[in-house]
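First comes the structure, then the notes that go with it.
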Amino acid sequence: MKILLPLLLAAISTASAFDQAAFGAKLNGWQRDGSAHYSLDGIRYRTLRPLESTDENGNQVILVTVIHQANSWAEVPFDLEVVLAPDGSAQSFRITGTPRGQKVDTGVISRPAAPEAPAEAEGASSPAASPFHPVAEMKKMLFEAFDSQAARAAEAKDNRKRDLLARIYGPEPIDATALAAGLRYNLDLILRLPTEPGK
């Protein structure tokens with residue numbers, strides 16, 4: 001028993017912080033095509049089954065493709081990358097995609113360090129430090145970068161070699177708000193946070 005206990009503790013400590021089955025269940029279940037189909041506020045999405053790997057630091061890397069089904073023929077995909085430490089804490093986020101051939105890349109949004117406490121003035125009590133929420137700050141930076149780039153892509157010319165459907169119907173509509181809502185929803189599910197698709 002003494003030999004098994006360290007092995008059991010090691011297995012628990014290296015257990016995945018991400019539950020792919022639970023993630024898929026929250027998205028209406030994985031279908032035979034390897035994706036989950038669901039709606040948020042009447043807008044249709046697909047999420048492909050995530051790819052999981054481990055980086056050189058032992059962190060878990062989760063890569064998930066979130067697709068906004070803009071209409072009956074057009075789908076707009078973006079990749080969401082989330083890096084989790086072995087303890088489950090979020091270390092970085094990134095969103096990439098090429099809507100209409102336009103590159104969108106938020107860059108890696110890394111976990112920020114807590115701000116330094118304000119200096120204590122002589123003879124006065126130190127002011128209370130403001131609450132610091134690194135994940136909320138990371139999400140704010142991620143979607144600020146994404147929103148501005150997605151808006152530019154929506155206004156830009158289609159750089160791709162257009163297929164028959166694109167020639168008939170025109171380029172797929174890029175709805176930056178709908179895209180951000182789907183990506184945010186998936187991110188919150190990965191992080192096991194309350195899902196707020198409209199925020």
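The values are calculated or read from the model by the stated rules, or taken from the named source; none is laboratory data. Keep in mind that what you see is a predicted model, and the values were worked out from it rather than measured. Heads up, the Cβs are rebuilt from the backbone with ideal geometry, glycines too, and the neighbour counts pull from every protein chain shown. These accessible areas exclude ligands, DNA and RNA; they are computed on the full protein's heavy atoms, side chains included. Shrake-Rupley method; radii C 1.70, N 1.55, O 1.52, S 1.80 Å.
For the reader, a short list of remarks on this structure follows.
- Residue list for region 41-63, restricted to those being in a strand (DSSP E or B) and buried (at least 17 other Cβ atoms within 10 Å of the Cβ): I43, R44, Y45, R46, T47, L48, Q60, V61, I62
- Near pairs, Cβ below 8 angstrom, 6+ apart or cross-chain, from region 68-80 (in contact (Cβ under 8 Å) with a residue 60 or more places away in the chain and more than 10 Å from I174 (Cβ to Cβ)) to any residue that is among the aliphatic types (A, V, I, L, M) and open to solvent by 70 Å² or more (accessible area, probe 1.4 Å): W73/L165
- Selected residue (only one of S110, S125, S130 is small (G, A, S), farther than 30 Å from Q31 by Cα, open to solvent by 40 Å² or more (accessible area, probe 1.4 Å) and at pLDDT 95 or above): S110
- Tallying residues that are closer than 25 Å to V61 by Cα, of a type outside the set (A, V, I, L, M, F, W, C) and modelled with pLDDT of 60 or more within region 167-199 yields 7.
- Checked against (1) surrounded by 11 or more Cβ atoms within 10 Å (Cβ to Cβ); (2) at pLDDT below 95, M141 passes all but condition (2).
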